[in-house]
Amino acid sequence: MCKALPASVAAGPETPDCAPCGKGAYALIITIGSPAEFAHKGITHVLPASTYIYAGSAYGPGGIGARLRRHFQREKKLHWHIDRLTTAAESVRALAIEHGRECEIIAALGHLPGFRHPALGFGSSDCRTCSSHLLQYCP
């Protein structure tokens, strides 16, 4: 995946400080081992055990590093839909791109073989370009 996102820096729960301190975007690589259920726009979705990529932005206070540290936490207030996946995940890793945009991440990965949008509109309620900001990887 790094080849598709050449400007990215890898980070994980054990190395959250590897992420850039500035603002930008990130791709979470989420592995769930059993089906995850969540409601989105009044529809209940069940995602099968698989690997998922979620693209998010971090242009607020604390930048990418702060946002990733939150996503890596197991115990947290469930604020965004992605929180339901990260708290159910077996593992969460990230690729961070300083000055990047979440739509660019989805565009770079979404056309590659094996990627599909499992839940339309997920994570992209403020986006008019992308079908969703969540991709499932099905090799």
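Summing Cβ point charges (Lys, Arg +1; Asp, Glu -1) relative to the Cα centre of segment 9-137 gives a dipole of roughly 220 debye.
Note on segment 19-123: semi-axes of the ellipsoid equivalent to its C-alpha gyration tensor, largest first and rounded to whole Å, are 21, 17, 13.
Bear in mind these aren't lab numbers, they're just calculated from the coordinates by the rules spelled out. All values derive from a computational prediction rather than experimental measurement. When we count neighbours, we look across all protein chains shown, and the Cβ atoms used for this are built from the backbone with ideal geometry, even at glycine.
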